[in-house]
1. Setting aside same-chain residues fewer than 8 positions from LYS86, which aspartates and glutamates have a Cα under 17 Å from its Cα?
2. Would you mind checking which residues have amide H under 5 Å from GLY105's amide H? H placed 1.01 Å from N; only 5 or more apart, or other chain.
3. How high is the FRET efficiency from THR41 to LEU75, r the C-beta distance, R0 22 Å, rounded to 0.05?
4. Can you list residues whose amide H is under 5 Å from GLY140's amide H, if they're 5+ apart or on another chain and H is modeled 1.01 Å from N?
5. Summing Lys, Arg as +1 and Asp, Glu as -1, what charge do residues with Cβ under 11 Å from the Cβ of GLU126 carry, GLU126 excluded?
6. For segment 44-148, state which trypsin sites (Lys or Arg not before Pro) are in a DSSP loop and have at most 15 other beta carbons lying within 10 Å of their beta carbon.
7. Using DSSP, restrict attention to beta bridges with both residues in segment 40-149 and report what percent are antiparallel, rounded to the nearest 5.
8. Amide H neighbours of VAL148 under 5 Å, at least 5 residues apart or on other chains, H built in the peptide plane: list them.
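Every number here is computed from the coordinates shown, using simple stated rules; none is lab data. Just so it is clear, the model here is predicted, and its values are computed rather than measured. Please note: Cβ atoms are built from the backbone with ideal geometry, for glycine as well, and neighbour counts cover all protein chains shown.
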Amino acid sequence: MNLFNRFFSKHINRVIQSIIRLVLGTLGVLDFSGCGAMYGTPSADFEMVGKVTNEKTEPLSEVEVIAADVEHDALICEKVVSITNKTGNYRVSEDLYDLWGKNGGYLFRFVGDTNLYEPFDTIILEKNLHFEDEDGWYKGRTSVTVNVTLKSKQGE
């Protein structure tokens, strides 16, 4: 899929999701932020930054950073939370509790050109995160740096 189609597809999906959130929010099912949080739900600001390279340490652009929810080895939900720029850098900035944490960890998948590179999965364990400015239901903010090297597919 070329860059224009991928860009167009993501924006159409966001518009559709926004409309659904608006309707459900009006019915009192979700709040308008779309996180589905109810009163008393904890929140925490999460930031993940890093660089994605290939095995030759060359930066890779247009690599999707995906937050994924997997159950019994089957993908339940996923959302693109960042895309690397031309220097291979990315930044994820989300409410930690919108990232489908399971078993104390948050799964991120890095997907580049699937004809050239194997996807890379990593789990960020919440117990390894250090939070600042905790206040009541707000757990605080945290940041982590994750640099990734995507491996070339065999025979390429």
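1. GLU55, GLU58, GLU62, GLU64, ASP113
2. GLU126
3. Computed FRET efficiency for THR41 and LEU75: 0.35.
4. The list, which skips near neighbours in sequence, is ASP45, ASP135.
5. Values: positive: LYS102, LYS127, LYS139; negative: none.
Summing Lys/Arg as +1 and Asp/Glu as -1 gives +3.
6. Numbers: sites: LYS51, LYS56, LYS79, LYS86, ARG91, LYS102, ARG109, LYS127, LYS139, ARG141; in loops: LYS56, LYS86.
Filter output for segment 44-148: LYS56, LYS86.
7. Details: 30 of 39 bridges.
Rounded to the nearest five, the antiparallel share is 75 percent.
8. Hits under the 5 Å cutoff: LYS51, VAL52, THR53.
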